[in-house]
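Trainee: Okay, handing you the structure first.
The values are calculated or read from the model by the stated rules, or taken from the named source; none is laboratory data. Being a predicted model, the structure only gives us computed values, none of them experimental. FYI the Cβ positions are ideal-geometry reconstructions off the backbone, even for glycines, and counts take in every protein chain you see.
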Amino acid sequence: MELLDPIIALVVLLAVAVVGVGAALLTRGRGRRTLPPAPPTAPGHLPGVGDDAEVPRDSPTRTVDVVELPDTVTDEPVVLEPALDRPEPAAGRLVRLRERLARSNSALGKGLLALLSRDTLDEGTWEEVEDTLLLADIGVDPATEIVDSLRERVRVLGTREPERLREMLREELIRVVDPGMDRSLKVERHGERPAVVLVVGVNGTGKTTTVGKLARVLVAQDKDVVLGAADTFRAAAADQLQTWGDRVGVPTVRSDRDGADPAAVAFDAVKTGIEMEADVVLVDTAGRLQNKAGLMDELGKVKRVVEKHGPVDEVLLVLDATTGQNGMQQARVFSEVVHVTGIVLTKLDGTAKGGIVVAVQRALGVPVKLIGLGEGVDDLAPFEVEAFVDAIVS
Ligand SMILES: Nc1nc2c(ncn2[C@@H]2O[C@H](COP(=O)(O)OP(=O)(O)OP(=O)(O)O)[C@@H](O)[C@H]2O)c(=O)[nH]1
């Protein structure tokens, strides 16, 4: 028994040693275990939280929808029409644009009122009143008339109250601007024919712009309009006019050839207007200096040729208000050649010479029918006497 004890102890010791070495080997092997290969990813992909997770069981499952197909498939491309402008109605525009007129002409009204409010209204002051009116291009006769009348009224009434003086000045200005003139545009279709409007004037006064703006005024009144680009002299004029027309869906009759006969283009435009049963045909003509006899003859021919379709309803002379007395000379010559029926005074937003309205009406006996008060597309207003005078004296 004494011999067996050391043997048992040795066996136990060996067994413990074997178990220890095995456990150590097992632990080291686990530390080097390789991970399964990562799923392929897009370049630059960074793993996110839960990438390895399973799809949750309650995720919505994809279904297949049945979509009805059209019976026939057309190859025609869908053409999207460009949206057309909606021009502003012309009525009341002068009220909207009054600020422009007032800005350029208020010095006239303020100057006159300051003179009339002086302590003594002597001869020298009345002369200053007259000079102020002349500086605004109102013309000699109308200026004298205004001064004479005011002088008499101030003497008889014996009043110097500013509000009363302003009212008297307003009344005198309205009288010389002449509210009795017929300023309506003759743009009503008659019988089988559209109304025809010819737009004339010297270079750069704003004819093409005016035709474009006028087309918008007429479209706002639900009229069918045709434009005629009889300015065949300036290459870009027809493009410019067509752009105006395109914006409001109005067709433009033009020649493909620079320097084509303007009378032929004008004739074709009216012919197209008749065929299309339009209400109005607006014919733009080339700018021409009133002292170039050949060009003025050409204008006379344009009108005569157009009149083969019937009488022209309006001949609008476009005058640049900033050109003063030169404009008066233009007005006289144009009127002799084509019998002007109405005046369009443009660029009144940039001049203190609003008095030209009076002067030109007196010289021609023809009313100002429209005024241009800016470069915006709807900055053309029907001329309203009271609104015009109010903008000056307010
Ligand atoms: N400030 C201002 N500018 C205007 C007005 N009317 C026209 N214009 C400008 O005047 C310039 C000349 O206008 P157009 O319409 O090309 O003149 P046009 O008479 O047709 O010119 P031509 O064909 O060369 O004879 C343009 O820059 C217009 O924008 C207006 O009432 N006020």
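Rundown of residues vs (1) at positive phi; (2) surrounded by fewer than 18 Cβ atoms within 10 Å (Cβ to Cβ); (3) not hydrophobic (A, V, I, L, M, F, W, C), yes/no style:
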{"site": "90", "(1), (2), (3)": "no, no, no"}
{"site": "100", "(1), (2), (3)": "no, no, yes"}
{"site": "103", "(1), (2), (3)": "no, yes, yes"}
{"site": "120", "(1), (2), (3)": "no, yes, yes"}
{"site": "125", "(1), (2), (3)": "no, yes, yes"}
{"site": "135", "(1), (2), (3)": "no, yes, no"}
{"site": "141", "(1), (2), (3)": "no, yes, yes"}
{"site": "149", "(1), (2), (3)": "no, yes, yes"}
{"site": "154", "(1), (2), (3)": "no, yes, no"}
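Trainee: Okay, moving on. Any idea how many residues of the range 248-286 are within 16 Å of the ligand (Cβ to nearest atom) and more than 24 Å from residue 186 (Cα to Cα)?
Mentor: 4
Trainee: I need the helices (runs of 4 or more DSSP H) fully contained in the range 310-394, keeping only those with at least 2 residues that are more than 20 Å from residue 207 (Cβ to Cβ) and touching a residue at least 12 places away in the same chain (Cβ under 8 Å). Can you show your working first?
Mentor: Numbers: elements: 325-338, 356-364, 385-393.
Passing ranges, in order: 356-364, 385-393.
Trainee: Okay, next question. Are there any pairs, at least 6 apart or on different chains, whose C-beta atoms fall under 8 Å, with the first in the range 276-299 and touching a residue at least 60 places away in the same chain (Cβ under 8 Å) and among the hydroxyl-bearing types (Ser, Thr, Tyr) and the second in a helix (DSSP H, G or I) and within 16 Å of the ligand (Cβ to nearest atom), and if so, which?
Mentor: What qualifies is 285/207; 285/262; 285/266; 285/299; 285/302.
Trainee: Could I ask something else about it? Step by step: first the residues of the range 353-371, then only those that are farther than 15 Å from residue 99 by Cβ and of a type in the set (Gly, Ala, Ser), then the one that is farthest from the ligand (Cβ to nearest atom). Which residue is that?
Mentor: The extreme case among them is 365.
Trainee: Restricting attention to the range 303-314, does a residue exist that is within 13 Å of the ligand (Cβ to nearest atom) and either under 19 Å from residue 267 (Cβ atoms) or modelled with pLDDT of 90 or more (or both)?
Mentor: For the range 303-314, residues within 13 Å of the ligand (Cβ to nearest atom) and either under 19 Å from residue 267 (Cβ atoms) or modelled with pLDDT of 90 or more (or both): absent.
Trainee: Same structure again: Between residues in the range 248-260 that are surrounded by fewer than 16 Cβ atoms within 10 Å (Cβ to Cβ) and residues that are among the acidic types (Asp, Glu), which pairs lie under 8 Å by C-beta distance while being six or more apart or on different chains?
Mentor: none
Trainee: For residue 319, work out the one condition from (1) within 15 Å of the ligand (Cβ to nearest atom); (2) over 30 Å from residue 113 (Cβ atoms); (3) surrounded by 21 or more Cβ atoms within 10 Å (Cβ to Cβ) it doesn't fulfil.
Mentor: Looking at each condition in turn, residue 319 falls short on (2).
Trainee: Could you tell me whether the range 249-262 includes any residue that is under 22 Å from the mean Cα position of the chain (by Cα), among the aliphatic types (A, V, I, L, M), within 24 Å of residue 382 (Cβ to Cβ) and modelled with pLDDT of 95 or more?
Mentor: Checking the range 249-262: at least one residue is under 22 Å from the mean Cα position of the chain (by Cα), among the aliphatic types (A, V, I, L, M), within 24 Å of residue 382 (Cβ to Cβ) and modelled with pLDDT of 95 or more.
Trainee: Moving to a separate point now. Among the residues of the range 201-243, write down those that are near the ligand (Cβ under 8 Å from one of its atoms) and either part of a loop (DSSP other than H, G, I, E, B) or free of Cβ contacts under 8 Å to residues at least 12 places away in the same chain (or both).
Mentor: Passing the criteria: 201, 202, 203, 204, 205, 206, 231, 233, 234.
Trainee: Can you say whether residue 160 is part of a helix (DSSP H, G or I), away from the ligand (no atom under 15 Å from the Cβ) and either in contact with a Phe, Trp or Tyr (Cβ under 6 Å, 6 or more places away or on another chain) or basic (Lys, Arg) (or both), as far as the supplied structure shows?
Mentor: For residue 160, the condition - part of a helix (DSSP H, G or I), away from the ligand (no atom under 15 Å from the Cβ) and either in contact with a Phe, Trp or Tyr (Cβ under 6 Å, 6 or more places away or on another chain) or basic (Lys, Arg) (or both) - is not met.
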